[in-house]
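Only the coordinates and a few stated rules stand behind these numbers; no lab work does. No experiment lies behind these values; they were computed from the predicted model shown. Heads up, the Cβs are rebuilt from the backbone with ideal geometry, glycines too, and the neighbour counts pull from every protein chain shown.
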Amino acid sequence: MPKPIFVLNGPNLNLLGVREPAIYGSETLADVGRRTQARAQALGLTVDFRQSNHEGELVDWIQEARESASGVILNAGALTHTSVAILDALNAAEKPVIELHLSNVFRREAFRHHSYVSAAAQGVICGFGAKGYELAIEAMANILAGR
Ligand code: CA2
């Protein structure tokens with residue numbers, strides 16, 4: 001049985017579709033999860049889609065990925081810009097990592113322009129809203145197929 005792709009979402013992403021639709025869109029995180037699962041299924045892959053507001057829980061899940069995932073797609077939310085702990089966990093996991101953001105962080109405040117996650121990521125997808133989750137699945141499928 002192939003291992004699932006872990007799709008991990010950080011703080012406040014549970015508010016998707018409820019607040020700030022102009023920045024983050026009107027789909028809920030559950031909608032995004034369904035979209036992500038559907039794209040993965042079409043490519044013959046499985047996904048484990050999770051969200052946490054807690055840095056330590058995200059670190060635990062990234063550690064779990066070392067044994068239990070084929071790769072990690074991570075929207076770390078604001079922890080992207082602050083968390084050396086998440087960077088260290090990603091490096092220790094030794095799995096392909098794709099960094100993901102709904103918004104184009106480079107069109108926003110300067111503090112969003114730096115990412116600790118990027119140093120461990122094979123690539124970054126940002127600015128395409130919920131569609132970015134499907135793009136990340138496609139990119140991960142290519143990485144896992146060795147293309
Ligand atoms: O654009 C992204 O996906 C972000 O990772 C979202 C984070 C932000 O801190 C990053 O700079 C970029 C914020 C997630 C908060 O999500 C909300 C969703 C709806 C309403 C309020 C917050």
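Summary of computed values
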item	result
The chain: DSSP helices with Cα axial extent of at least 18 Å and average Kyte-Doolittle hydropathy no lower than -0.5	131-144
Peptide ranges 77-86, 1-10 listed from the most packed, as the mean C-beta count within 10 angstrom indicates	1-10, 77-86
Tail weight of P(r) past 15 Å, computed on alpha-carbon pairs of the stretch 1-42, percent	49 percent
Estimated inter-spin distance, Asn12 and His81, nm [label 7 Å along Cα→Cβ]	0.9 nm
Relative contact order for the chain, counting Cα pairs under 8 Å that sit 6 or more residues apart, in percent	27 percent
Quarter of the Cα convex hull surface for the stretch 5-145, i.e. its orientation-mean projected area (nm²)	7.3 nm²
Computed magnitude of the charge dipole of the stretch 5-145 (debye, nearest 20; Cβ of K, R +1, Cβ of D, E -1)	420 debye
Structure-based [θ]222 nm, the chain - -39500 (n - 2.57) summed over DSSP H runs of at least 4, per residue, nearest 500	-11500 deg cm²/dmol
Two-site label geometry, Asn53 and Asn104: point separation in nm, points 7 Å out along Cα→Cβ	3.1 nm
Potential lengthening between Glu64 and Ala119 on full extension [0.36 nm per residue; Cα-Cα distance subtracted]	17.8 nm
Cβ-Cβ FRET estimate between Glu94 and Met1, R0 fixed at 22 Å, reported to 0.05	0.60
